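Right, one structure below, let's go through it.
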Amino acid sequence: MTLNGLKTIGQTTRQHRSLHRSVGRRNDPTSRFALPTWWRRARQLCQLALLAFALLPAAHGAPTHLALTLAMHDYPPLAAEKLPYGGLLSRIVTEAFEMEDVDVKIIYVANNRAITGVMKGLYDGSFGWSHAPDRDQQLLFSNKPIYNFRMVLFHRKEQDYVWKTLADLHGYRFGLTLGNHYSDELTSLQSSGRLNVDFANSDLSNMRKLLAGHIDLFPMEEEAGQWLLNSSFTAPERAKITSDENAMWAIPTYFVLRKSLPHAQDLMARFDRGYQQLITSGRLPKLIEETKKVLYEAPLTPAVD
């Protein structure tokens, strides 16, 4: 090796040593070449923030896009398979979830299978249900109600009823639909035998029994009862039926999910956020008005047992 070659190697070695010393001094807090303390802390905070952001989906344990299968029974105009949008409440629930990237599939089942099917784990959730002890144990309820039910007593026009509490009507025959929860008061009176109760498999059957005089009183949600009369009975038949002005029961109803559902808390939080967005944006009252207009202009489909 030549003398010039040895000089070149020596120069390269000294340059590397100088570079290492410079880097070491930058990392050494006592060196005058060290980065400022605030800079090092800011860099550490940025690294931690990036790490936390990268781990965020894993921490929540829920994918971004989710899907749900809900069960509901035909209860027009609030919900029905053959109605536009699936009915008023079906549209509200679907649009609230659309705003939070959740696909909703609604399966329509017999009346007494919707809520019981959810609690048995056959379906993910449902909507239009009030609080009850057995439901509260197994279901999550939305933060806000999605509809206020107003239960009234339908009866024949030829009869008048004066009452303040349901106990005042103990001498009359009540028609009830299997699977429905009407009120705690009615349930208590029924259980104690202080009300004369006759059950039927559907609201349509009870309305027919009322018309025929087999029962005297039939409690049903006011708007749904009027829809049933208009869609399934003739004008002369409708003229014989009316409803009491006093509400038997008025209560808010909610969207529900079974607690055992994977990501149930996240899904309910998404619904609450989506529903709140509908309210805050002013979209909800417009959606209700628009949907009702379409529903009441559509051809009426008679109810079936």
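Readers should treat all values here as calculations from the given coordinates under stated rules, not as data from a laboratory. Treat the numbers as computed from the prediction; the structure is a model and nothing was measured. Note: ideal-geometry Cβ built from the backbone for every residue, glycine included; neighbour counts use all protein chains shown.
Just a few scattered comments:
- Selection of trypsin sites (Lys or Arg not before Pro), segment 86-140, meeting DSSP coil and at most 14 other Cβ within 10 Å: LYS120
- Sorted by Cβ neighbour density within 10 Å, fewest at the top, the residues GLU98, GLU245: GLU245, GLU98
- Between GLN265 and ALA212, the FRET efficiency estimated from the beta carbon spacing at R0 = 41 angstrom works out to 0.25.
- Those lysines that a straight Cα-Cα span of less than 20 Å connects to LYS82, excepting residues fewer than 8 apart in one chain: LYS105, LYS292, LYS293
- With both labels modelled 7 Å from their Cα along Cα-to-Cβ, the ALA235 to ILE251 distance reads 3.8 nm.
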